[in-house]
Amino acid sequence: MANVGSWNDIKPRITTALESGYECVLVDSEHVQRVKELGGIKTACFCAERGLQDILVIGKNGEGDGTISLPDDFSSSIDIALAKKMEGPKAGYVIVAGKSYEQFAVELGKHVDYLLVIGTDWKVIPLENIIAGLHGLQVKIISGVKNAEEAELALGTLEQGADGVLLDSSDLSEIKRVQKVVEQSSRARLNLIPANITNVKSVGMGDRVCVDTCSLMQVGEGMLVGSQSKAFFLVQSESEDSPYVAARPFRVNAGAVHAYIKVGDKTKYLSELKSGDEVTVVTKDGLAQTAVVGRAKIEKRPMILIEAEAEGQRINTLLQNAETIKLVGSNGLPKSVADLKAGDQVLVYLEGGARHFGMSIEESIIEK
């Protein structure tokens, strides 16, 4: 929120939000054009008519904030009538001051794209009820918060949690802390399991792909890559120094051009990756997040075949045969492919179903 104060007062909040990766700022209509000149961030405004803003917010100086009393019958609500009337992206704004406002929020949420829910003396229960009341609808529930602790609570309410948070703070450090909380909450957790290495064999020269990202990875963090579309080895980033080369923690030497790489719920061939694409980066604990590809380098190098078995499945991948290329052991520690041998255990990720154009399907496909 940056809707109170002069432009000089709110500009630091907006620039910090931009730099931290926020998606939208709520400002007065007079500041919308200035915000757009600062950078690519959406704007929302409390208004009763369309202007330059991306999202029109309904409820300020109305029933949503208690300026106008709630009607006994929500069908005669002024705010809901306006929400039904307005075209384009719109949000409802409700200060939940009691049970009746909780019920009103659910009804208003049926007619908007976003529902901004602001608490008074409550923390969880009304938000749980609103999430449950709007379950299955397209509306995104945005919870008002004042700090990172409240953001963490809002995003973790129920299994689903709020879809986002609306931060009301002039503390620039708090703006950054809340964004970190949001990033952590959005990370999926994949179930990595140990696989037993059954064979390691040099196979001659091949074209391999180095994926350089715009993110710095840690030891035990890398990408999921494999020759089969439903079985992936965790290939560690080059996040460690070696006698041969300095650490390049933005890079994963991912393997042969034919291999699959996990990208969200889909896969791509390593050979398809290019600057600006997204890839999934995974820690040894299975926490996944998105990284942006800076470049993909394809070069001819000596390759090594790695075969393993996990949960009765035989799986394999081909990586560059070099000391700096590492998988992640079942103990979470890196294991160079140069030292890998039968009987070792490494972390892998298995999926059910086959793949068609990168999408998971229920089909019987044999890959070997």
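The values are calculated or read from the model by the stated rules, or taken from the named source; none is laboratory data. Worth saying up front: this structure is predicted, and the values here are computed from it rather than measured. With ideal geometry, Cβ positions are generated from the backbone for all residues, glycine too; neighbour counts draw on all protein chains shown. Heavy atoms of the whole protein, side chains included, go into the accessibility calculation; ligands, DNA and RNA do not. Shrake-Rupley method; radii C 1.70, N 1.55, O 1.52, S 1.80 Å.
Relative protection proxy for 340-346, 109-115, 305-311, from highest mean packing down: 109-115, 305-311, 340-346 (other beta-carbon atoms within 10 angstrom).
With the biggest extent put first, the Cα atoms of segment 60-120 measure 29, 22, 19 Å across the principal axes.
Within segment 146-219, all pairs of alpha-carbon atoms sorted by distance into 5 Å bins from zero give the percentages 3, 10, 15, 13, 12, 13, 9, 6, 6, 6, 5, 2.
Listed highest first by mean packing, meaning other Cβ atoms within 10 Å per residue, what order do 320-326, 14-20, 253-259 come in? Please report the intermediate quantities before stating the final value.
On the way: 320-326: 20.9, 14-20: 17.7, 253-259: 23.3.
Packing order, densest peptide first, comes out as 253-259, 320-326, 14-20.
Which entries of 146/274; 36/180; 85/262; 36/176 show an alpha-carbon separation above 32 angstrom in the structure shown? Over 32 Å Cα-Cα: 146/274; 85/262.
Considering all different alpha carbon pairs of segment 215-367, the Kirkwood hydrodynamic radius works out to 15.5 Å. Once divided by 2.2 N^0.38 Å, the Cα radius of gyration of segment 1-146 becomes 1.04.
Between helix 172-185 and the chain, what is the angle of the helix's C-alpha long axis to the longest principal axis, kept within 0 to 90° and rounded to the nearest 10? Tilt of helix 172-185: around 60 degrees. On segment 1-122, 47 percent of the accessible area sits on carbon and sulfur atoms, based on a 1.4 Å probe. If you take the charge dipole of segment 85-205 about its Cα centre, with +1 on Lys and Arg Cβ and -1 on Asp and Glu Cβ, which of 179, 169, 92 is farthest toward its positive end? Highest projection toward the positive end goes to 179. Could you tell me which chymotrypsin sites (Phe, Trp or Tyr not before Pro) in segment 193-299 are loop residues by DSSP with no more than 14 other beta carbons within 10 angstrom of their beta carbon? Listed in order of number, the matching sites are 244.
When the C-alpha to C-alpha distance is required to be over 22 Å, the pairs from 266/341; 230/268; 140/266; 268/341 that qualify are 266/341; 140/266; 268/341.
Calculate, for segment 226-294, the solvent-accessible area per residue in square angstrom, rolling a 1.4 angstrom probe over the heavy atoms of the protein chains. Present the calculation step by step, with values, prior to reporting the outcome.
On the way: 2740 Å² over 69 residues.
Computed with neighbouring chains in place, this is 40 Å² per residue.
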